[in-house]
Amino acid sequence: MRLNDDTRRVGRRTERVRASAQFSDGRFRNPSGATPGLQGPSLPVMGEFFFKRGRREPARPLPARDPRGDWSTPVETGLRATWLGHSTVLLEIDGRRVLTDPVFAERVSPVSFAGPKRFHPAPVPVEALPELDAVLLSHDHFDHLCRETMTALAKRRVPVVTALGVGAHLEAFGVDPAVVTELDWNESAEVGGLRFTATPSQHFSGRGLTGRDRTLWASWVVQGARHRVFFSGDTGLTPAFGDIGRAHGPFDLVMLEVGAFHPAWGTIHLGPENALTVFEMLGGGTLLPVHWGTFNLALHDWDEPAETLVTLAPARGARVITPPVGLAVEPARVEGVTPWWRDVAP
């Protein structure tokens, strides 16, 4: 009986993947229909990697505040966000809690002994997280889908919302498929008292030398009773964000990736300048930058994404908040930018 149930579940997942408008010739495609992903490192990029000097890592571990005291207090405005590093954010929205792309491991890598290492400790261990109503996974890359973290969360049977095909990874990590909801672009589901909508993004997927682009990547709209949040996951610039803003905005909080960027990667990562463009396309609001300040995944200085963002934002009329790692903030009550990274020794 179990074998038959597993077979039927895998069959249904395969059918949904193959039926997706984003899937053709065995791979998922970007909004433009183009084949996604990197085409391999160019000689200039390789030259930068080996010869360009810079501050790709901070001189000392970054401070990380323990947020448990903040989490024990009421959310007076109905919306609070705690950036826990990289793309991991605990959202408290209209009485519900959702955790985005949870990565609590020491490294983002297929192995525990090598790969990019954290600039700061995780603000809390997974076991100390408060009760969660949902976990939101944007796509399957190692710095967004962490096996160690999801294995720990599987014990709590937290509902998981993710993109098409990613459920196969989760099952392999020990997550009960009964708690997993997989969505195609422009599909919605009610999970944990919140409404989740998968929206287009421009990126790629895969966790090894094989299986490239066999699972979908997505940006996300999270809607509670009174508040609405946008989470980009990983993405490059695409006109689809204008459509998302018109269909789902305005947003009370917009979380956009700003780090791990390079001019040669403009089709798959935003960087701070394109993040401001996407912020405008989505209709503005309050911008919380994510996907920076935790791992060395690019060629720029570790703090360049935030520094560039806050330098450009005033001329673009963008309201940006930059809380330190582990500080719970209510976006409606935050005044201006907190450039905490400048206090870290060069």
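Quick notes
- The lone exception for Phe50 - which of (1) part of a helix (DSSP H, G or I); (2) open to solvent by 90 Å² or more (accessible area, probe 1.4 Å); (3) at pLDDT 60 or above it fails: (3)
- Enumeration of residues in segment 185-209 that are under 20 Å from Asn30 (Cβ atoms) and over 17 Å from the mean Cα position of the chain (by Cα): Asn186, Glu187
- Filtering segment 227-241 to residues that are open to solvent by less than 10 Å² (accessible area, probe 1.4 Å) and either without any contact (Cβ under 8 Å) to a residue 12 or more places away in the chain or farther than 15 Å from Arg319 by Cβ (or both) leaves Phe231, Ser232, Gly233, Asp234, Thr235, Gly236, Thr238, Phe241.
- Segment 106-148, subset open to solvent by 10 Å² or more (accessible area, probe 1.4 Å), assigned to a loop (DSSP other than H, G, I, E, B) and among the acidic types (Asp, Glu), residue farthest from Arg214 (Cα to Cα): Glu131
- Tally of residues being in contact (Cβ under 8 Å) with a residue 40 or more places away in the chain and open to solvent by less than 10 Å² (accessible area, probe 1.4 Å) across segment 243-257: 4
- Residue in segment 116-123 that is basic (Lys, Arg) and under 20 Å from Thr286 (Cα atoms) present: no
- Number of residues in segment 93-105 that are among the charged types (D, E, K, R) and open to solvent by less than 10 Å² (accessible area, probe 1.4 Å): the value is 1.
- Enumeration of residues in segment 258-284 that are crowded, with 19+ Cβ neighbours inside 10 Å and not in a helix (DSSP H, G or I): Val258, Gly259, Ala260, Phe261, Thr267, Ile268, His269, Leu270
- All positions within segment 163-184 that are touching a residue at least 40 places away in the same chain (Cβ under 8 Å) and more than 20 Å from Gly26 (Cβ to Cβ): Pro177
- Within segment 298-339, the residues that satisfy the criterion of being under 30 Å from Thr73 (Cα atoms), open to solvent by less than 60 Å² (accessible area, probe 1.4 Å) and without any contact (Cβ under 8 Å) to a residue 60 or more places away in the chain are Ala306, Val310, Ala318, Val320, Ile321, Thr322, Val334, Gly336, Pro339.
- Answer residue from segment 155-179, given it is under 21 Å from Leu129 (Cβ atoms) and touching a Pro at 6+ places or on another chain (Cβ under 8 Å) and is surrounded by the most Cβ atoms within 10 Å (Cβ to Cβ) among those: Leu170
- Segment 25-47, residues that are surrounded by 12 or more Cβ atoms within 10 Å (Cβ to Cβ), at pLDDT 75 or above and not aromatic (Phe, Trp, Tyr): Arg27, Arg29, Asn30, Pro31, Ser32
- Condition met for Arg60 (modelled with pLDDT under 95, more than 23 Å from Glu257 (Cα to Cα) and either open to solvent by 20 Å² or more (accessible area, probe 1.4 Å) or among the basic types (Lys, Arg) (or both)): yes
- Positions within segment 193-205 being open to solvent by 10 Å² or more (accessible area, probe 1.4 Å) and either within 17 Å of Gly33 (Cα to Cα) or at pLDDT below 95 (or both), in sequence order: Pro200, Gln202, Phe204
The values are calculated or read from the model by the stated rules, or taken from the named source; none is laboratory data. Since we're looking at a predicted model, the values are computed, not measured. Virtual Cβ from ideal backbone geometry, glycine too; neighbours counted across all protein chains shown. Surface areas here come from the heavy atoms of the whole protein model, side chains and all, with no ligands, DNA or RNA. Shrake-Rupley method; radii C 1.70, N 1.55, O 1.52, S 1.80 Å.
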